[in-house]
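The values are calculated or read from the model by the stated rules, or taken from the named source; none is laboratory data. Only a predicted model underlies this, so the values are computations on that prediction, with no experimental measurement involved. No Cβ is skipped: glycine too gets one built from the backbone with ideal geometry, and neighbour counts run over all protein chains shown. Side chains included, ligands, DNA and RNA excluded: accessible areas come from the protein's heavy atoms. Shrake-Rupley method; radii C 1.70, N 1.55, O 1.52, S 1.80 Å.
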Amino acid sequence: MSDSEIVGRANRDGAQLFRDWFTELTQTADGGGPSAYVFVMGSLNEVLKSFDLPVVFPEINSLQTAVRRVAHEYLQQAEDYGYSPDICGYVKADVAMQLRHGEHPMGKLPKPGLAVLTNACNTYIKWAEIWERMHGCPIFTFDIPGTRQGGGQTWPGDPDFENDRRYVEAQLRELIELCERVTGRKFDIDKFREVLGHANGMSAAWKQVLELNRSRPSVFNALTDGTIYLGVANGFRGTKAGADYFRDLVEEMEYKAANGIGTLTEEQWRLAFVGVPCYPIFRRFNELFTLAGGTFVSSTYLWFASGGTNRGFQYDLARPIESLAEGLLVSVRDAMDSMFHPERAVLDQIKEFALDGVVFHPVKSCRTTSTGQADSRRALAEKADVPSLFLESDMMDRRVVAEAPMKNRVDAFFEGLASRRRQAAIAR
Amino acid sequence: MIVFPDWSNRPLDAALAECRDLVEDTTFPTVRRWREGGGKVAGHFQVYFPEEIVHAAGMLPFKVRGAPLEPTRADSHFGSYLCSILKTSLEAVLTGAVKMELFVSHPICDAARNLAAIWGRNFSHPCQILYLPQNPNSRHSVAYLRGEYDRMRRTVESVAERKIADDDLRRSIAVFNENRRLLRELYEIKRETPWLVSAEDAYSLVAAGGLIPREEHNELLRTLLPQIRARARKSEDRVRVVFEGGFCEQPPLDLVRVLGRMCYLVDDDFLIGLRYLTADVPAGKDPLRDLAESYVERSTYSPVQHDLRKPKEKMLLERVRGARAGAVIVAAAKMCEPGLDEQVAYSKALDLEGIPYFLVEFEENMTSFEGVELQVETFLENLLFA
C-alpha cells in the first residue's frame with residue numbers, strides 16, 4: 001500500500017461516514033421514523049443500536065453550526081426565544097434547530113422519539129427537559145455516579161463500587177424496557193452481543209490510536225484530526241462501520257509511526273490540550289499553534305467526549321448486561337475525572353508523550369469542563385515543571401472569541417517555550 | 001454548647017435583628033464558637049444534603065452558601081463566566097473565615113460539581129461529592145441512595161472519630177423533623193398572615209438554621225414564632241408574590257428587604273436546601289433507608305433536581321396557587337445556568353396561565369438596588385392599578 005492510499009484515509013473516510021450519517025438522519029426525518037437523541041458522554045449506543053434506532057447527537061449538530069460559521073444565527077434565535085446569553089451555546093443552537101423543525105447545515109434532523117442522557121454533564125438534564133416540553137418525548141436520565149473524591153475511585157468487589165454497579169445495571173434493564181415500548185420490538189440479546197462486540201473493537205482501537213501518538217513525530221493532531229475520529233467514535237459506536245473504521249485507523253497510525261510520518265506540522269513543540277475546542281475558529285485556532293511548530297499530541301477532549309471509551313474497556317459478552325453496567329460505570333466515571341481532574345492525567349503524560357507545554361482552554365459555554373481549569377492549572381504548576389497557557393474563549397459563540405489577543409498570548413507562550421529551551425541548552 | 005446566645009431573652013424585634021446580623025456576618029461567629037468548644041464542622045454546599053447524618057455524629061452541619069465577600073484570593077482558582085457563590089464559598093475557607101473538617105458537595109450543576117475537585121486540591125480535609133440519584137424515577141434509586149448515605153455515614157464516622165448508630169440517626173431525625181415542622185409553621189405565617197413577619201426576618205430565621213446546631217434553631221423558632229403570631233399588625237393592600245430562584249446563590253438580604261417592602265413575599269425557594277423534605281421522615285427500622293426514601297419521594301423540586309413526576313413549571317404553578325399569589329418574581333443568580341434555563345420554562349408556563357411575572361438576575365455581592373426596586377415597583381403598580 002502506498003503512502004497516498006493510507007495516509008489521510010481516516011480523515012477522508014470519517015468525512016464520508018459523517019455525510020452518510022446525516023443522510024440517514026434526513027431520511028428518518030422525512031419518513032417520520034423514531035430516533036434517539038443522545039449525548040457523547042455515555043451515549044448508550046450499545047443499547048440503542050441493538051434496537052436499530054438512528055442516533056442524533058445534539059452536541060455534534062451544534063458544533064457543526066459553529067464550524068460552518070452559522071452558529072450565531074441559531075444562537076440569536078434561541079436568545080430571542082428567551083434563553084440567556086450566559087448559558088450553554090450547544091443548547092441554544094439546538095433549541096433553534098428544534099424551532100426550525102430540524103433544519104441543519106448538513107441535512108434535516110428527525111424529532112426525538114426518545115432521549116437518553118447521562119449525568120456526566122448537568123446541562124444534558126436541562127437540555128432533555130426542553131425536548132420533553134417541546135416534543136413530549138420520553139426521556140431517560142441514566143445516572144452514573146462518578147468519583148467521590150480525587151483519586152478515590154473504587155473498583156469491582158468494593159461495596160461502594162457494587163452499590164453503584166447495581167444501580168447502573170438496574171437502569172440498563174429499565175432503559176431496555178423503555179426501548180421495547182418505544183420501538184415495539186423485543187430486546188434481542190444476540191444482536192446486543194453483536195453490538196457490544198463492535199463496541200469492544202472500537203474501544204480497543206481508540207485506546208491504541210491515542211497511545212500511538214507517543215510517536216515522534218506525532219501521527220495525528222489531537223485537536224483537529226482527533227476530533228474527526230472522535231465524531232466517528234460517538235456516532236458509529238456499536239456498529240460494524242465504526243469498528244471497521246477504527247481498525248483501519250489503527251493501521252494508518254501504525255503505518256505512520258513505523259515510517260516516521262507525522263502531521264503537516266514541522267513538529268517543534270509537543271502540546272497537550274485541556275478542554276473543548278474553539279469551534280467558531282476551529283482551523284484558525286489550531287494554526288495559532290501549528291504555524292509556530294506546535295502540535296497537539298493529546299487532548300482531554302478525546303477522553304471525556306468519547307465517554308471514557310479511551311480506556312478501552314472490553315465488555316464480557318458472556319454476561320453482556322452486567323458487563324455493560326460495569327463498563328459504563330468505569331468509562332463514564334473516567335470521562336468525568338478527565339474533566340474535573342485533568343492535571344492528574346496530564347501529569348502522567350508529560351514524560352510518556354514528551355510534552356513541552358499544556359494549553360488550558362476554558363470556554364464560556366461549558367462550565368462542566370471549564371470551572372476547575374484555573375485551579376487544575378495551578379495544581380499542575382505546583383507538581384510539574386511544564387509551562388502552560390490559559391486561553392478563555394468559547395466553543396460556539398464568536399462574540400466571546402477574541403482572536404487578536406489570543407494570538408498575542410499564544411505567541412508569548414511560544415517565546416517562553418523557546419527561551420526555556422535555550423536556557424536548558426546553555427545549562428547543558 | 002450554645003453558639004448563638006445573642007437573641008435569647010430579648011424582645012422580638014431585637015431578637016430578629018440579631019438573626020439578621022448573624023446571617024450577614026461574614027466571619028461566621030457561630031461556627032467559630034462551635035469549633036472553639038471542640039466541635040467539628042461538616043460544610044455542605046447547596047442544595048440538598050442529609051444533615052441528619054452529620055448531626056448524628058455530633059458534628060455541626062454548616063450550609064455552605066457563599067457570602068457577600070470579595071473573592072480576592074479565590075478568584076485565581078476560577079475562570080470567568082461563573083456565578084459568585086462558587087468563588088465566595090472558597091474565599092471564606094481560603095481566608096480562614098470559616099474552618100471545617102469535611103466538605104461535601106453534590107452535582108447540582110456543571111459548575112458546582114467541580115467544587116469537590118477544586119477544594120480537594122487546596123485543602124487537606126476530605127472534600128467529597130455526594131451522588132444523590134439523578135434518576136429518582138429508577139425503581140432502584142432508593143436502594144442506591146441508601147447505599148450512598150451509608151458511604152457518607154462511614155466518611156463522617158472517620159472524620160468525627162466515632163461510630164454513628166442507628167439510634168443516633170433516629171434521634172437526629174427527630175430533631176430535624178421538629179425543625180421541619182417549625183419551618184413549615186413559619187411559611188404558613190408567611191402565606192396566611194404575611195404582614196406579621198417581614199420578608200427579611202423570615203429569611204433570616206430560616207438562614208440561621210444553616211449556621212447553628214439544629215437544637216438551637218428549634219429553640220429559636222419555638223420561642224419567636226408564637227411572638228410573631230401575637231403581633232398586632234394590620235394587613236396592607238399589597239400584591240402577594242412568590243419569589244422563585246433562590247435555591248442556591250442567595251440574593252443579598254438588602255434585596256430581600258427591598259422586595260419585602262413593596263409586596264408580600266408569600267412563598268419562595270430561598271435556602272430550600274434547609275427545608276427540602278416536605279414531610280417528616282419516619283423513624284423506622286432502617287433510618288438511612290428512611291432518609292433515602294424521603295429524598296426520593298418527598299423532597300421539594302428545584303431547577304437542579306430532575307424528576308419526571310415533578311415538572312418544575314407545574315410545581316411552580318402549584319406553589320403560586322398554594323400561596324394564592326398574584327404574581328411571581330422569577331429570578332436567577334447571574335451566570336447560574338440551571339436558574340437561567342428554568343426562567344424560560346417558568347415564563348412560558350406563567351404566560352399560558354396568565355400569571356404576571358417579573359424576570360430578574362441578581363448576585364450575592366450586588367450593592368445597588370435602585371434599578372431593581374424601580375422596575376419591581378413599576379411592575380407591581382401596574383398590577384395594583386390594572
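Averaged over peptide B:117-126, the number of partner chain Cβ atoms lying within 10 Å of each residue's Cβ comes to 5.
Dividing the helix sum by the residues of chain A, where each DSSP H run of 4 or more adds -39500 (n - 2.57), gives a mean residue ellipticity at 222 nm of -18000 deg cm²/dmol.
Could the peptides B:264-275, A:145-156 be put in order, highest first, of the mean number of other beta-carbon atoms found within 10 Å of their residues? Mind dumping the intermediate values first?
On the way: B:264-275: 23.2, A:145-156: 17.1.
Peptide ranking by packing, descending: B:264-275, A:145-156.
Rounded to the nearest 0.05, the FRET efficiency derived from the C-beta distance between residue B:314 and residue B:279 at R0 = 22 Å is 0.70. Modelled spin-label separation between residue A:248 and residue A:383, with each label point placed 7 Å from Cα along the Cα-to-Cβ direction: 3.9 nm. With R₀ fixed at 30 Å, the C-beta to C-beta distance from residue B:10 to residue B:73 puts the FRET efficiency at about 0.25. All Cα-Cα separations within the stretch B:235-376 were binned at 5 Å from zero, giving a P(r) of 2, 9, 18, 21, 19, 13, 8, 5, 3, 1, 0, each value a whole percent of the pairs. In whole percents, the pair-distance distribution calculated for the stretch A:341-428 from its alpha-carbon pairs, binned every 10 Å from zero, is 16, 41, 34, 8, 1.
Taking all protein chains together and a probe of 1.4 Å, list A:211, B:313 from the most accessible to the least accessible. Intermediate results must be reported in sequence, preceding the final value.
Details: A:211 65, B:313 35 Å².
Of A:211, B:313, the descending order of accessible area is A:211, B:313.
Close amide H pairs (under 5 Å, H built 1.01 Å from N) link residue B:62 with B:42, B:43, B:44, residues at least 5 positions away or on another chain. The figure for residue B:124 is an accessible area of roughly 130 square angstrom, using a 1.4 Å probe on the protein chains alone. Of all lysines in the structure, the ones whose alpha carbon falls short of 27 Å from that of residue B:285, not counting any fewer than 8 places away in one chain, are B:163. Modelled this way, with points 7 Å down the Cα-to-C-beta line, the labels at residue A:70 and residue B:385 are 4.9 nm from one another. Based on the reciprocal of the average 1/r between different C-alpha atoms, the Kirkwood radius for the protein assembly as shown equals 27.8 Å.
State the percentage of accessible surface on the stretch A:3-427 attributable to carbon and sulfur atoms; use a 1.4 Å probe and exclude ligands, DNA and RNA.
Solvent-exposed carbon and sulfur of the stretch A:3-427 make up 49 percent of the total.
Summarising the label geometry, the points placed 7 Å from Cα in the beta-carbon direction at residue A:354 and residue A:428 lie 1.1 nm from one another.
What order, most packed first, do the peptides B:332-341, A:281-290, A:186-195, B:76-85 have when packing is the mean number of other Cβ atoms within 10 Å of each residue? Present the calculation step by step, with values, prior to reporting the outcome.
Details: B:332-341: 26.3, A:281-290: 18.7, A:186-195: 15.2, B:76-85: 21.3.
Sorting B:332-341, A:281-290, A:186-195, B:76-85 by mean packing, highest first, produces B:332-341, B:76-85, A:281-290, A:186-195.
Think of a 1.4 Å ball rolled over the protein heavy atoms: the protein assembly as shown then has 35 Å² of accessible area per residue. Counting Lys and Arg as +1 and Asp and Glu as -1 over every other residue whose Cβ lies under 12 Å from the Cβ of residue A:259, the net charge comes to -2.
Measuring r between the beta carbons of residue B:286 and residue A:4 and using R0 = 45 Å, the FRET efficiency lands at 0.10. Accessible surface comparison of A:12, B:180, A:173, probe 1.4 Å, protein chains only, largest first: the order is A:12, A:173, B:180. Per-residue mean of foreign Cβ neighbours for B:299-306 is 2 (Cβ atoms of other chains, 10 Å radius).
Protein chains only, probe 1.4 Å: how do B:383, B:183 rank by accessible area, largest first? Don't skip to the answer; put the middle values down first.
Numbers: B:383 55, B:183 5 Å².
Listed by decreasing accessible area, they come as B:383, B:183.
For the stretch A:3-427, a crude dipole built from +1 on the beta carbon of Lys and Arg and -1 on the beta carbon of Asp and Glu, taken about the Cα centre, is about 600 debye to the nearest 20.
Partner lysines whose Cα lies under 19 Å from the Cα of residue B:87, excluding those fewer than 8 positions away in the same chain, are identified as A:364, B:63, B:99, B:334.
Quote the charge dipole size of the protein assembly as shown about the Cα centre in Debye, to the nearest 20; the model charges only the Cβ of Lys and Arg (+1) and of Asp and Glu (-1). Mind dumping the intermediate values first?
On the way: 99 positive and 115 negative charges, 115 e Å.
Computed about the Cα centre, the dipole is about 560 debye.
Going by a ≥ b ≥ c, the root eigenvalues of the Cα gyration tensor, does chain B fall in the rounded group (a/c under 1.5), the prolate group (a/b larger than b/c) or the oblate group? Rounded, since a/c falls under 1.5. Peptides B:29-35, B:369-375 ranked from most to least packed, by the mean per-residue count of other Cβ atoms within 10 Å: B:29-35, B:369-375. Kirkwood analysis of the Cα pair distances in the stretch A:3-427 returns a hydrodynamic radius of 22.0 Å. Taking 0.36 nm per residue of sequence separation and removing the Cα-Cα distance, the residue A:317/residue A:407 pair yields an extension gain of 27.4 nm. Taken over the stretch B:65-221, the percentage of Cα pairs per 10 Å bin, counting from 0 up to the bin with the maximum distance, is 9, 26, 35, 26, 4.
Where both partners of a DSSP beta bridge lie in the stretch A:3-427, what percent of those bridges are antiparallel, to the nearest 5? Don't skip to the end; give the middle numbers.
Values: 2 of 24 bridges.
The antiparallel proportion sits near 10 percent.
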